[in-house]
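Here is the structure we will look at.
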């Protein structure tokens with residue numbers, strides 16, 4: 001019987017020892033902290049690792065997370081400076097830096113941070129109108145973080161960032177803002193369209209001006225080229241005509257024609273002068289009379305059996321005998337004394353002094 005009692009006592013002692021050891025040794029995870037109270041008062045803070053406490057004397061409070069925490073608060077109604085109610089969602093990033101202060105300085109630090117964020121947000125946004133609130137998120141975030149960090153410092157909490165998730169104005173204000181933005185976009189579109197049309201017109205006019213300038217330059221160069229070509233062609237034609245006249249003149253002198261032949265060719269040329277429907281007058285030079293006299297002398301010689309003196313002189317020249325003795329130049333029939341050179345001068349004077357006109361109807 002005593003053996004059984006001894007065994008039970010031993011088991012009780014072992015169980016109690018195991019319980020004491022379990023209560024004495026505490027393991028704290030990484031990035032966690034524990035507050036130890038001895039007889040109800042703060043004793044020390046347990047950090048990550050193996051820690052020993054006195055069982056039945058020391059009490060370990062719930063562990064506190066030392067990592068940065070993210071808390072999203074529900075939308076809060078805020079009144080702006082222009083008396084418009086907007087709904088704002090906020091997100092706070094904070095971290096517990098002092099476990100003792102977070103435990104003893106505030107009852108529930110998460111609730112305290114939420115309420116402090118709401119009041120600070122209303123104070124900051126209440127001094128701004130709606131348009132400034134919508135366009136000044138960075139300023140609001142900076143003001144909120146500064147105020148919250150200053151207020152939560154004694155709680156052992158450091159506020160890292162404060163972000164506004166959404167700012168929702170009333171539906172009527174949203175509709176008005178959409179209309180305003182639509183009108184602004186339409187205005188910018190009209191301005192851009194007008195600018196595009198202006199630039200297009202300017203570029204079109206510039207292109208037309210450059211095209212006209214280039215066309216005028218091309219026409220000027222073409223006109224210069226054509227003028228040069230016409231000048232060269234006229235020079236070539238004049239040179240050809242000069243050479244032809246020289247050739248004809250040389251052929252005439254080489255052939256040594258007599259006076260009747262020249263008179264006959266002269267009379268054959270007269271019909272060409274009268275060609276044309278608009279000719280009303282014939283301008284007959286004074287040499288025509290002399291030509292007719294030469295032809296009359298020729299016909300008289302043929303009829304009377306005498307050869308005109310001009311024929312004799314022409315025959316003498318064709319035979320190589322030269323002019324008749326005592327003549328300084330060839331003489332025309334019917335002109336016994338005047339040489340050809342003197343006769344040519346007289347003919348020029350007569351041509352300038354008198355012309356015979358023979359009107360005829362066309």
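The values are calculated or read from the model by the stated rules, or taken from the named source; none is laboratory data. All values reported here derive from a predicted model rather than from experimental measurement. Every residue, glycine among them, receives a Cβ derived from its backbone with ideal geometry; neighbour counts consider all protein chains shown.
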>> Which pairs turn up if I take residues in the range 242-268 that are surrounded by 10 or more Cβ atoms within 10 Å (Cβ to Cβ) and look for partners that are modelled with pLDDT of 70 or more with beta carbon separation below 7 Å, at least 6 apart in sequence or on another chain?
In response: none
>> Which residue is surrounded by the most Cβ atoms within 10 Å (Cβ to Cβ), if the candidates are limited to the range 54-100 and must be in contact with a helix residue (DSSP H, G or I) (Cβ under 6 Å, 6 or more places away or on another chain) and more than 25 Å from residue 141 (Cβ to Cβ)?
In response: 64
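Rundown of residues vs (1) within 19 Å of residue 135 (Cβ to Cβ); (2) assigned by TED's automatic domain parsing to the domain that holds residue 102, yes/no style:
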residue	(1), (2)
151	no, yes
157	no, yes
165	yes, yes
183	yes, no
186	no, no
196	no, no
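Here's the yes/no breakdown for (1) assigned by TED's automatic domain parsing to the domain that holds residue 128; (2) under 21 Å from residue 115 (Cα atoms); (3) part of a strand (DSSP E or B):
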| site | (1), (2), (3) |
| --- | --- |
| 11 | no, no, no |
| 16 | no, no, no |
| 26 | no, no, yes |
| 43 | no, no, yes |
| 51 | no, no, yes |
| 54 | no, no, no |
| 76 | yes, yes, yes |
| 91 | yes, yes, yes |
| 95 | yes, yes, yes |
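Which one is farthest from residue 102 (Cα to Cα) among residues in the range 143-191 that are under 47 Å from the mean Cα position of the chain (by Cα) and in a strand (DSSP E or B)?
Our first condition is that a residue be under 47 Å from the mean Cα position of the chain (by Cα); within the range 143-191, this holds for 163-191.
If we keep only those that are in a strand (DSSP E or B) too, we end up with 163-168.
Working: 163: 23, 164: 25, 165: 27, 166: 30, 167: 31, 168: 34 Å.
Once the filter is applied, the top-ranked residue is 168.
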